[in-house]
Structures are given as C-alpha cells and as structure tokens.
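The values are calculated or read from the model by the stated rules, or taken from the named source; none is laboratory data. Treat the numbers as computed from the prediction; the structure is a model and nothing was measured. Here Cβ is always computed from backbone atoms with ideal geometry, including for glycine, and neighbour counts include all displayed protein chains.
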Amino acid sequence: MKFANFAYLLGALVAAAPHLQANLITNGSFESPVTTELSQIFFVGSGIGAWTVVGDTGGSVSALRNGYGDGGGLYGAQDGVQHLDLTGPGLVPRSGVAQSVATTIGSTYDLSFYLGDIYGSTNPPLASGVEVFVGGVSKGTFTHTGPANVASTDWVQKSLQFVALASSTEIQLLRIADPNADAYIGLDNVSVTLAANNGAAILEPSTLALGGLGCLFLLARRRR
C-alpha cells in the first residue's frame, strides 16, 4: 500500500512541475476580448482583459486579428489569433499597456515578450520599439527591424530579469518616444515567470522523475 501511495505521489509531483513556472501575466497574448472587427482601437484608460491602456491623453493601441492587412502588409499574431499594435491609428501621442502581477519581495523574475515589425519596402527601414517599465522604473528600450521586403509581421523574442521590490509589481510596455519609429509596433505573448536562478532551485520534471525512480528502487529493495 505504501509503495502504491508513493508512486501516486511521484506522478503528481512530476505532473505539477511544469506549473512551478506558471505565467503570472493574465491575457498575455491579448486573446480577450475577442475583437468584433479585424482591428479594434482601445484608448488610454480602457481595459484589454487584465491589461490597462496607458500613455498620454488621447493615446491608443489597436488589437489586430489574424487576417488584418493594411498598406500591403499582413499582420499576424505570434501566439493565438490576436496581438496588439502599440501605435494605434497613429504615432502621437505615446501609448502602451500595463498590468500588475503578484510578486515576492526579493525574488527574481523573467519578463519575456515578442516584438513585431514589418519592414516592407520602407527605405531607410524604421524600427519597432518599446520601452519597458517595471515597478515604475525604466528597464530600457527594445527594438526590432524586420527583414527587407517581407510583407508580413516578423517576430523576435525580447527578455529581461528583475528583482521584485514589492508584493505587487506593475509591468508597463510603451512604444518608444521616437517620431521616426515605425507606424506599426507589434506586441504579443507577454509572460512573467519566477526565474530558474532564483535562490531556491526549481526542479525540472526529469529531475523529479529520476529522483523518484531512485526512491522507488530503494523502497522495492527494502520490501524484499
């Protein structure tokens, strides 16, 4: 009986292991709400699921659904069927999105997101870019220029680490304050997870399985 119970517990631990690094961001791929059109504008102060649109007065972002095309480009999501264009219908004023997540003071977290750009035939090329703020502090500017003459969204992953200074941390992503920035700045698949190098090690499923098999072997020998 004890052997069976231990095997059951081992299986539960292995199954739960991937969730130890669960995404703290809600609606990270902007799949909610489902847009009524291929493009839907959200102004500063409005909500996009758990996100809040932030920025200068009159600013906005656009939720784009797969199949949306403008100026000869095809704007597809990196994950799911929707993503954001941080420029809204224009470049001025500045805008972006923000969300607060529960954090543990002193713990290290990984922030990851995908930045999209369409180079098209613009010459010189214009870069998509966002400035990332964590807890109200700028963590730098991240840019991306898609490949030449490709009329569809090119995505690249960007990431950074931060140490939580409070039990709740606001994540804010704003389009760069540059009048020469691209008229399209794609954002998708945002995540915040507890960093693997965060003090106490996070065991991988394979590690748990190997350790558990060893325990099962020793237990079986003892039963003999």
Within region 35-55, is there a residue that is of a type outside the set (A, V, I, L, M) and at pLDDT below 50? no
Sole exception among (1) closer than 20 Å to residue 193 by Cα; (2) within 14 Å of the chain's Cα centre (by Cα) for residue 139, by number: (2)
Quickly run through region 45-67 and pick out the residues that are assigned to a loop (DSSP other than H, G, I, E, B) and either touching a helix residue (DSSP H, G or I) at 6+ places or on another chain (Cβ under 6 Å) or over 14 Å from residue 32 (Cβ atoms) (or both). 45, 56, 57, 58, 59, 66, 67
Within region 155-177, can you find the residues that are under 20 Å from residue 64 (Cβ atoms) and under 16 Å from the mean Cα position of the chain (by Cα)? 155, 156, 157, 158, 173, 174, 175
Can you name the residue in region 27-62 that is among the β-branched types (Val, Ile, Thr) and more than 19 Å from residue 113 (Cα to Cα) and, of all such residues, is surrounded by the fewest Cβ atoms within 10 Å (Cβ to Cβ)? 36
Do the conditions hold for residue 163, that is, is it surrounded by 15 or more Cβ atoms within 10 Å (Cβ to Cβ), more than 30 Å from residue 76 (Cβ to Cβ) and either in contact with a Pro (Cβ under 6 Å, 6 or more places away or on another chain) or modelled with pLDDT of 85 or more (or both)? yes
Any chance region 122-133 includes a residue that's closer than 15 Å to residue 85 by Cα, out of contact with any Ser or Thr (no Cβ under 8 Å at 6 or more places or on another chain), assigned to a strand (DSSP E or B) and modelled with pLDDT of 70 or more? no
